[in-house]
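The values are calculated or read from the model by the stated rules, or taken from the named source; none is laboratory data. This one's a predicted model, so the numbers in the text were calculated from it and none came from an experiment. Every residue, glycine as well, gets a Cβ built from its backbone with ideal geometry; the counts of neighbours run over all protein chains shown.
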Amino acid sequence: MRYAGSWCALFLAILIAFFLDTPAVASPPAAKSPGKLPAGTLPRKPGMNEDIVIVTPSGGERRLTLRTHVKAPTVPPPLPLFTDLLELSSTHVFGKDRRCQVSGDDGKPHLRCRPGASVSGIRLLFDPFRLPRGAPIDLHVTASGDPGFRAEVTGVDADANRPLAVKQGTGSLRLPDLPGYAPPQLVIMAPPEGGELVVNRLELITATSRPVIAFSAWAWEPSLWRTNPAGLVASANARKIGRLFVTLEVDDGEVLHRDDLRRFVRMARRAGLEIEAVEGDPRMVLPGGLEAALARANAFADYQRNAAGAEKLAGIQYDVEPYVLAEWGEGAATYEGWAHAILKLSKAAGEPIDLVLPFWVSGSSEGQSFLRRISPAARGLTIMSYRTKPSSLAQIAEPLLAWGAAEAKPVRLALEAGPIADEVEQVYREAAIGTLAVLPGPEARIVMLEKPGEIEGARMFALQGREIVRGDRISFFGDEEKMMELALRTSAAFSAWPTFAGFALHGLDWTISAGGSPGVP
């Protein structure tokens, strides 16, 4: 989480891309096959199932990294909230006598049906999507035209057994509980007398009895609570933040500045603000890093045992992010090693811990197994759901919101306000002929070719695609008002998931106090 400007932003950003044409590489000096241009050294030689990724941030230095081939997700993406689902559907006419026809150059299906006795109409198929889970959700259908049309949401190719009348204006259809992750469809059936119907909009709407409006935030620098605790508390209160994640300083197995910390926690609690410790380092999954992290967890547990009730911290949060390591996918830097570290840290801390996780963790069988293993140690989750568009936020957050509902674990959605540069990413995969070569030798040195070719003894990689990653899709860039506006706008919808616990705000500016004067440094 605190790596949002580097590791975290890089890994989250590379999951969303628009492939463009590859630019030409400048002509290098002559060499075997096409000319070659040194490109750098990788942290290690790529495995047989790894891509080479070249990331060039706007205004920054090019970075080389490795990434395991993206596996087909075990769970298809959910249909998003806050969007017109007509854009995600394909229309299919059914009926033996072909008495119905459909048109819609404007993207809105216009159904025209002749009178007849056959079961006829259209299917609006949402493939490869699935229905969201873990919350009561209706499909709102906005339509206009003749009466008598009926509709039902079913699984793909399933019959509509209990269709409801399509209302003029907007009506709602409850989503079924489909087996597995079958793509859903909206079946619209024509009346015997025929008629016309225009489907103007389809949108998923959650059923919420009480919106959860709760905010937490990170204040990473220990000086924020040590040098001006009153300013930090006032600034949090002004933003209606109810929980702060702060970094503790630990040395020789003991939390430093204990008296300052006790005063700060008491002050914050009197102001209605809970204080939670936060720890974050990808190396916590590696043997040496885990040993150091366990020592810090023991120091936290010691502080908690000796603190008075009003001075106790609200818990401890771990933001590990081992997938940014060059070693990821090998040894301890795997899902198994990550789960092992979490279980050990929870035991050392003496209580379940809050976990910061990327939104994509549940999208593979390995990630799902990881979630099952760490569930007993998890007090709750904070999802790195950094998106500035409501529909994108809903779509990436849904899997872990559903997991939290099933496991009775509170889940927060994190939003980003820090600086994130636009990036260009090029992905290369091993091939017989390519424009990137890993040279033989002990180091993983690579060169780029000006056109496809091969170098004797080298492993060749061909370009798979070039991605433009825009930072404004992930961060609000300091526009806290806009970030809070999105949180308030979507809170009611997310509150349909019973364990939704509000929003966690990252990248806030703590240098100005609540009164607008200089605050904590």
For this session: Return the only residue of 471, 465 being surrounded by fewer than 18 Cβ atoms within 10 Å (Cβ to Cβ) and farther than 24 Å from residue 135 by Cα.
Result: 465
Exercise. Is it the case that some residue within the range 103-125 is under 22 Å from residue 398 (Cβ atoms) and assigned to a strand (DSSP E or B)?
Worked result: yes
Seminar exercise, completed: Filtering the range 449-465 down to residues that are among the charged types (D, E, K, R) and touching a Pro at 6+ places or on another chain (Cβ under 8 Å) yields 450, 451, 459
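Conditions tested, residue by residue: (1) surrounded by 15 or more Cβ atoms within 10 Å (Cβ to Cβ); (2) in contact (Cβ under 8 Å) with a residue 40 or more places away in the chain; (3) closer than 19 Å to residue 93 by Cα.
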residue	(1), (2), (3)
134	yes, yes, no
146	yes, yes, yes
152	yes, no, yes
160	yes, no, yes
166	yes, no, yes
170	no, no, no
183	yes, yes, yes
188	yes, yes, yes
Problem set entry | Considering residues of the range 313-331 that are at pLDDT below 95 and of a type in the set (A, V, I, L, M, F, W, C) only, the residue nearest to residue 506 (Cα to Cα) | 324
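Taking residue 201 as the residue in question, decide whether it is over 21 Å from residue 79 (Cβ atoms) and modelled with pLDDT of 95 or more. Show your work before the answer.
Details: over 21 Å from residue 79 (Cβ atoms): no; modelled with pLDDT of 95 or more: yes.
Here the answer is no, as residue 201 does not meet what is asked.
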Exercise. Name the pairs whose Cβ atoms lie under 7 Å apart, with the first residue in the range 486-514 and farther than 27 Å from residue 137 by Cα and assigned to a loop (DSSP other than H, G, I, E, B), the second of a type in the set (Asp, Glu) and at pLDDT 95 or above, and 6 or more positions between them or separate chains?
Worked result: 507/416; 508/480
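Any idea which of 275, 241 is assigned to a strand (DSSP E or B), of a type in the set (A, V, I, L, M) and surrounded by 20 or more Cβ atoms within 10 Å (Cβ to Cβ)? Before you say what the answer is, go through the steps one by one.
On the way: 241 fails: assigned to a strand (DSSP E or B).
Going through 275, 241 in turn, the sole match is 275.
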Problem set entry | Single residue of the range 309-348 satisfying the filter (farther than 28 Å from residue 275 by Cα and among the small types (Gly, Ala, Ser)) that is surrounded by the fewest Cβ atoms within 10 Å (Cβ to Cβ) | 331
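How many residues are in contact (Cβ under 8 Å) with a residue 24 or more places away in the chain and farther than 24 Å from residue 362 by Cα when one looks only at the range 53-84?
10
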For this session: Scan the range 247-266 and give yes if some residue there is in contact with a Ser or Thr (Cβ under 7 Å, 6 or more places away or on another chain), not in a strand (DSSP E or B) and not basic (Lys, Arg), otherwise no.
Result: no
Seminar exercise, completed: The residue that is nearest to residue 218 (Cα to Cα), considering only those in the range 384-402 that are touching a Gly at 6+ places or on another chain (Cβ under 8 Å) and buried (at least 24 other Cβ atoms within 10 Å of the Cβ), is 401
Exercise. Going through the range 101-124 one residue at a time, which ones are of a type outside the set (S, T, N, Q) and either in contact with a His (Cβ under 6 Å, 6 or more places away or on another chain) or outside the structural domain of residue 148 (by TED's automatic domain parsing) (or both)?
Worked result: 104, 123
For this session: Could you check the range 385-440 for strands (runs of 3 or more DSSP E) lying wholly inside it with 1 or more residues that are under 29 Å from residue 88 (Cβ atoms)?
Result: 411-416, 423-430
Seminar exercise, completed: Here the residues within the range 454-485 that are in a strand (DSSP E or B), out of contact with any Gly (no Cβ under 8 Å at 6 or more places or on another chain) and small (Gly, Ala, Ser) are 465
Exercise. What are the residues in the range 174-227 that are touching a Leu at 6+ places or on another chain (Cβ under 6 Å) and in a helix (DSSP H, G or I), if any?
Worked result: 224, 225
